Amino acid sequence: MENFIVSARKYRPDSFKQVIGQHAITSTLQNAIKNNHLAQAFLFTGPRGVGKTTCARILAKTINCENITDSTEACNQCESCTSFNDSASFNIHELDAASNNSVDDIRNLVERVRIPPQVGKYKVYIIDEVHMLSAAAFNAFLKTLEEPPPYAKFILATTEKHKIIPTILSRCQIFDFRRILVDDITDYLSYVAENENVEAEEEALHTIAQKADGALRDALSTFDQIVSFSGSKLTYKNVIENLNILDYEYYFRVTGALLNADLSNLLLIFNEIIENGFDGQHFMTGLGDHLRNLLLIKDPGTVQLMHASPSLKEKYTTQAAQCGVNWLLAALEICNKYDLSYKTSNNKRLHVEICLMQLTLTGQTAAPVQAVQKQAAVVRPGRETQTLPAQNTPQAVQKPMREDKPAYEKQQKPKLEEVKKGTEKPAHQAEKKAVVEGNGRKIKNISIKDSLNALKKNKPQEEEAAEQILTTPFDQEKLEACWKLFTASYQEKSPSFASAIAKYKPVLKDDFVIAYKVDNKIIAEDLLNVSALLQFLKKELRNNQLTLTPTFPEKNEKKTAYTDREKFEQMAKKYPDIVKLKEQLNLELGF
Ligand SMILES: [Zn+2]
């Protein structure tokens, strides 16, 4: 292990053929090399870890190779190639703009560009993270980028194309590297695993690939990390433990329990998840994803949107067959609602549990009646032994639930009756009420909702009040007093606006129109502050029909001619003969 090389380096592609998932780019580059149509400057953009720098290096090596192969790859044997492979080539210069972003760094580089290559044809400058260059550095670089010596090629790489100034963009041939597909990463990982003599489960590699979010480099480092932990056998279990991923099995179980309206089992599964160290939100988002996958797999058109190994897809197909589309949509909506409000909840655990209850209720509308009864019986103290099939809910299953959350027991009673009547909504309300009764800690949680509802109810009244028309009469004196009051109170917020307004005299006209003369258009057009002034006056004068009308100074001011053309035009206006003179003498205007 002393010579351990990380996989991302060991398996770094050294030919175009080996680059994963960027076929369009590599073949374009190869064609350009073959036809000798290489641009002077390239911009490689795309997310991190997708092969930008790797492609830049391969390009640099290939164009310097002395015997490029028929498939437009470097021969890996000539002097230039070997020095490249030993990282000893003088023809490649890499600059990390993240740490060398000053003008001096770029000037240094520009200096070096002047010296032609001693061996090989081209000198290649790779500037990584080019968006980090300072504005001055960019400018220092422009000239060189525009007219580089024929032997110089620039490859700029960046993850953030939008930060590159247009003058640079227009001088580069742009290549957009895309995220590498999960399947491509999985394939590559299994190739690496085989080479490293690691026995890997397909599911394990798939999960790593998924977590890498399109970045092969990340996938390879994760692979290394887990292999160093688990040895030559890489299992799905190792992976989820290491990456802190919640096993998809849980979601299959949860969905199964939802479909059977088996609330007790649901709460137990959730308890298990919490005990394994995952937090509620993690579970909620995961459940949302799971339901989404079930929905996607139902339609052949959307299957491609879900990323899962073939065996997992089969599992999804089986479960999806048991779920109706309407139920999935309703469940997704509930999940999303509770996911959004998770952060504001005081009792996170209860929050998720209520979500599960709601989901169970949604399931009941689709589930057979006996399932409803069964679920109700589970939580109804004293009755379970009569109604329940013994094999489905052993005593042990019910016990912890009753001890932990007495709230649910109370809550179920009204719920059941409501459900039997076939109304879903009152059941939900009963549930809330029960929660309050059962556990004092949750009162706060519920009261937020209640007060929000109360707020909603009050809102229309407030709006009505605002819409009332107020036309309290006021006179010039009162207006001026209010005007002064505003300028004094607004001094802190915007001193310039307040003092400008203080200079103007408001004049009350008919229909509550307030006219005021401004000497500066900017003040009258300062909409935010003007509106503050208007609101202030409306409120103070108790009149919401008043309007502000600024008047601008008449345009009788003398226009000063600044440029030569303006001077000429002014002169021509005054003495039209000048134009004739200009025409007769065939004079050209020099401006
Ligand atoms: Zn070569």
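No value in this document is a laboratory result; all are computed from the given coordinates. This is a predicted model, so every value here is computed, not measured. Cβ coordinates were reconstructed from backbone atoms using ideal geometry, including for glycine residues, and neighbour counts include every protein chain displayed.
Points to keep in mind about this one:
- Highest-first arrangement of 282-290, 575-583, 534-542, where packing means the average Cβ count within 10 Å: 282-290, 534-542, 575-583
- Taking label positions 7 Å along the Cα-Cβ direction at both Glu194 and Lys163, the computed distance is 4.0 nm, reported to one decimal.
- Sorted by Cβ neighbour density within 10 Å, fewest at the top, the residues Val113, Val19: Val113, Val19
- By other beta-carbon atoms within 10 Å, ranking Lys503, Lys143 with the fewest at the front produces Lys143, Lys503.
- Footprinting exposure proxy ranking of Val192, Val352, Val6, fewest other C-beta atoms within 10 angstrom first, gives Val6, Val192, Val352.
- Rg/Rg_ref, the stretch 1-85, where Rg_ref = 2.2 N^0.38 Å and atoms are Cα: 1.13
- Take the Cβ atoms of Lys315 and Arg9, set R0 to 30 Å, and the FRET efficiency comes out at 0.25.
- Cα centroid separation, the stretch 285-357 to the stretch 217-278 (Å): 16 Å
- Here the scattering of the stretch 34-169 is modelled by Debye summation over its C-alpha atoms, one equal scatterer each and no solvent; at q = 0.12 Å⁻¹ the log10 of I(q)/I(0) is -0.46.
- Distance between the modelled labels on Ile578 and Gln281, one decimal in nanometres: 7.1 nm (7 Å Cα→Cβ projection).
- Spread over its residues, the convex hull of the C-alpha atoms of the stretch 182-243 is 61 Å³ per residue.
- Debye intensity ratio in log₁₀ form over the Cα atoms of the stretch 257-338, taken at each q of 0.15 Å⁻¹: -0.60
- Fully extending the segment from Glu202 to Asp187, taken as 0.36 nm per residue of separation minus the present Cα-Cα distance, adds 4.5 nm.
- Rg/Rh (Cα only; Kirkwood hydrodynamic radius) as it applies to the stretch 476-551: 0.91
- Using the Cα coordinates of the stretch 296-353, the gyration tensor eigenvalues translate into equivalent-ellipsoid semi-axes of 28, 13, 11 Å, sorted from longest to shortest.
- Per-pair calculated FRET efficiency, R0 = 35 Å: Ser170 and Asn35 via Cβ, rounded to 0.05: 0.95
- When the C-alpha to C-alpha distance is required to be over 25 Å, the pairs from Lys10/Lys163; Lys17/Lys52; Lys478/Lys509; Lys315/Lys343 that qualify are Lys10/Lys163; Lys315/Lys343.
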